[in-house]
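Novice: Starting off with a structure, shown below.
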Amino acid sequence: MSIYLSAAHKSSGKTIVSLGLCAAFKQQSFSVQTFKKGPDYIDSIWLSQASGNPCYNLDFYNMSNAEITTLYQHQSQHSDITIIEGNKGLYDGISPKGGDANADLAKLLNVGVILVIDTSGITRGIAPLLNGYQAFDTKVNIIGVILNKVAGSRHQSKLIQAVEYYSDIPVLGAVRRSAELVIDERHLGLVPANEMAKSQIFIDTAAKHISEQVDLNKIITSKASKRLSKKLKPPLQKGITVAVAKDRAFGFYYPDDLDKFAALGVEIKYFDTFKASRLPKCDGLFIGGGFPEMHLPALSANRTLLKDIKTQIQNGLATYAECAGLMYLTNSIDKYPMARVIDATTYTTRKPVGRGYVKLEPTSKHPWHGMPKLIYAHEFHYSKLSNIHPNTHYGFKVLRGVGVDNKFDGIIQHNLLASYTHLRNVVGNAWVVQFVDFIKRSKNKS
């Protein structure tokens, strides 16, 4: 059984409903697999925790239709229930003519859509809204609506009467407005679950609300999509170990990127930047995205790890760092000393510096082999670099986006590539394969 949760607009409460459904179904001993449309990390971390399984991203910008379908079918084949959480509204996307919206993804995967509607301030007006969404593209299978942020019983009654009188879309539930269903937000959206000590308590609370106010049986009996089975390719590499920073400061990783390391026979060793005194024994280092700016005193205080990272990179350790990882490797973040590998300083900003999709062109200095001519990826950062050493070399020319300085991204130093851009291992940019190959070449030279 597969469902696609979408809405009329962003901030309708899709994530809260998704978390509640995941946890509620899990409590009933169902195996739940989740997906998130677009390049989102934060919602994916929450969905992973709620379902107990990694959440995979489906993104028209850097994935082909065939690639999206294959990933979806493979990762959902052993689950009882598959939940895809959309981004923004059902028909929202980059192109005004469509083709990359939630509706298009639902049609591509043949999954029925449940609309989560923020009912704040509306009653009878919900009927033309639903009818309009249904009529706009009749190929989209809208299988139900969940009324969200309902003010009370009287409000709920008026909404249900209007939907049932004017529409043939089933009402699957009505979720009352509650202070218990609010996740703290920050500049890039919800606070990640890996930063919240009480995240599981919140998920369990959401599950309780959803179980009591949404008809789970109606959802279970809704139309399911077909799934195809695909076998994983056997490992191609042996004897390579990559250390990966994973804790409350660094947690933005695509699970299928990590799966690709495993498929290549690479052993991943996770380490905590707050607790580890040195890196685990490894052939390569990967420091992904996150929010180091929220933990500066503690990160800066772990001088032994910072010193070890600097020493190992200077000694030639093959390293890849994205966004937060880039910041961590500079001289300082907001004057808190960091690893001092990259001769630049980081300062945070109140407004976004780079936010959205990017297009890059590798430069002749890029250290990895086999890079595509154009790279489609994304960036989300509320920080900038200053006092960059004038002799700094870059691996990418920025054609769309901001990167380090609106012109370039991907700082190169020793065997390090550090970028504000978040890469995704897809057919058009097999960066994991290229990085592992670079690790092997670096290891053979040492």
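The values are calculated or read from the model by the stated rules, or taken from the named source; none is laboratory data. Worth saying up front: this structure is predicted, and the values here are computed from it rather than measured. For neighbour counting, all protein chains shown are included, and Cβ atoms are generated from backbone atoms with ideal geometry for every residue, glycine included.
Novice: I need the full set of residues from the stretch 328-351 which are out of contact with any strand residue (DSSP E or B) (no Cβ under 9 Å at 6 or more places or on another chain) and of a type outside the set (D, E, K, R), in order please.
Specialist: Initially, the stretch 328-351 is screened for residues out of contact with any strand residue (DSSP E or B) (no Cβ under 9 Å at 6 or more places or on another chain), giving 336, 350-351.
Answer for the stretch 328-351, where residues must be out of contact with any strand residue (DSSP E or B) (no Cβ under 9 Å at 6 or more places or on another chain) and of a type outside the set (D, E, K, R): just Y336.
Novice: I268 is checked against (1) of a type in the set (A, V, I, L, M, F, W, C); (2) farther than 28 Å from Y347 by Cβ; (3) in contact with a helix residue (DSSP H, G or I) (Cβ under 7 Å, 6 or more places away or on another chain); (4) assigned to a loop (DSSP other than H, G, I, E, B) and fails just one. What number does that condition carry?
Specialist: Result: I268 passes all but (4).
Novice: Within the stretch 420-429, can one find any residue that is over 28 Å from S383 (Cβ atoms) and hydrophobic (A, V, I, L, M, F, W, C)?
Specialist: From the stretch 420-429, those over 28 Å from S383 (Cβ atoms) are 427; that's our starting set.
Still in the list and also hydrophobic (A, V, I, L, M, F, W, C): 427.
Checking the stretch 420-429: at least one residue is over 28 Å from S383 (Cβ atoms) and hydrophobic (A, V, I, L, M, F, W, C).
Novice: Quick check on the stretch 98-120. Is at least one of its residues touching a residue at least 24 places away in the same chain (Cβ under 8 Å), buried (at least 23 other Cβ atoms within 10 Å of the Cβ), closer than 30 Å to G152 by Cα and among the acidic types (D, E)?
Specialist: No, the stretch 98-120 contains no residue that is touching a residue at least 24 places away in the same chain (Cβ under 8 Å), buried (at least 23 other Cβ atoms within 10 Å of the Cβ), closer than 30 Å to G152 by Cα and among the acidic types (D, E).
Novice: Kindly check whether there is at least one residue in the stretch 124-138 that is crowded, with 23+ Cβ neighbours inside 10 Å, under 24 Å from T34 (Cβ atoms) and touching a residue at least 12 places away in the same chain (Cβ under 8 Å).
Specialist: Yes, because at least one residue in the stretch 124-138 is crowded, with 23+ Cβ neighbours inside 10 Å, under 24 Å from T34 (Cβ atoms) and touching a residue at least 12 places away in the same chain (Cβ under 8 Å).
Novice: Ok, one more. Identify, from the list S44, S79, the residue that is among the hydroxyl-bearing types (S, T, Y), within 21 Å of L19 (Cα to Cα), in a helix (DSSP H, G or I) and at pLDDT below 95. Walk me through how you get there before you give the answer.
Specialist: Working: S79 fails: in a helix (DSSP H, G or I).
Just one listed residue meets the conditions, S44.
Novice: If I filter the stretch 374-396 down to residues being in a strand (DSSP E or B) and without any contact (Cβ under 8 Å) to a residue 40 or more places away in the chain, which single residue comes out as farthest from Y41 (Cα to Cα)?
Specialist: The residue in question is H393.
Novice: Now a separate question. Scan D308, D283, D272 and give me the residue that is over 17 Å from A339 (Cβ atoms), in the same structural domain as H381 (by TED's automatic domain parsing) and either modelled with pLDDT of 95 or more or surrounded by fewer than 20 Cβ atoms within 10 Å (Cβ to Cβ) (or both).
Specialist: Working: D308 fails: over 17 Å from A339 (Cβ atoms); D272 fails: over 17 Å from A339 (Cβ atoms).
Of D308, D283, D272, the one residue that is over 17 Å from A339 (Cβ atoms), in the same structural domain as H381 (by TED's automatic domain parsing) and either modelled with pLDDT of 95 or more or surrounded by fewer than 20 Cβ atoms within 10 Å (Cβ to Cβ) (or both) is D283.
Novice: So in the stretch 311-355, with the set limited to residues that are crowded, with 18+ Cβ neighbours inside 10 Å, without any contact (Cβ under 8 Å) to a residue 60 or more places away in the chain and in a helix (DSSP H, G or I), which one is farthest from the chain's Cα centre (by Cα)?
Specialist: Taking the candidates together, the pick is Q312.
Novice: Among the numbered criteria (1) assigned to a loop (DSSP other than H, G, I, E, B); (2) under 21 Å from F380 (Cα atoms), which single criterion is violated by K36?
Specialist: (1)
Novice: Can you confirm whether the stretch 397-406 contains a residue that is in a helix (DSSP H, G or I) and either of a type in the set (D, E, K, R) or not assigned by TED's automatic domain parsing to the domain that holds G38 (or both)? Don't jump to the end; show me each part of the working.
Specialist: Start the filter on the stretch 397-406 by keeping residues that are in a helix (DSSP H, G or I), which leaves none.
There is no residue in the stretch 397-406 that is in a helix (DSSP H, G or I) and either of a type in the set (D, E, K, R) or not assigned by TED's automatic domain parsing to the domain that holds G38 (or both).
Per-residue answers, yes or no, for (1) in contact with a helix residue (DSSP H, G or I) (Cβ under 7 Å, 6 or more places away or on another chain); (2) under 27 Å from K149 (Cβ atoms); (3) not assigned by TED's automatic domain parsing to the domain that holds R248:
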| residue | (1), (2), (3) |
| --- | --- |
| A8 | yes, yes, yes |
| I42 | no, yes, yes |
| Q49 | yes, yes, yes |
| N65 | yes, no, yes |
| H74 | no, no, yes |
| T82 | yes, yes, yes |
| E85 | yes, yes, yes |
| S95 | no, no, yes |
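Novice: Which one is surrounded by the fewest Cβ atoms within 10 Å (Cβ to Cβ) among residues in the stretch 5-46 that are under 16 Å from L71 (Cα atoms) and hydroxyl-bearing (S, T, Y)? Before the answer, list the steps.
Specialist: Here is the first cut: in the stretch 5-46, the residues under 16 Å from L71 (Cα atoms) are 32-39, 44.
From what's left, hydroxyl-bearing (S, T, Y): 34, 44.
Details: T34: 29, S44: 26.
Ranking the qualifying residues of the stretch 5-46, first place goes to S44.
Novice: Out of E185, E195, which single residue is among the acidic types (D, E), over 28 Å from S442 (Cα atoms), at pLDDT below 90 and in contact with a Phe, Trp or Tyr (Cβ under 8 Å, 6 or more places away or on another chain)?
Specialist: Numbers: E185 fails: in contact with a Phe, Trp or Tyr (Cβ under 8 Å, 6 or more places away or on another chain).
One residue alone meets the criteria, E195.
Novice: Continuing with this model, one more query. Please state which of the following conditions G410 fails to meet, knowing it meets all the rest: (1) within 13 Å of W368 (Cβ to Cβ); (2) in a helix (DSSP H, G or I).
Specialist: Condition (2) is where G410 drops out.
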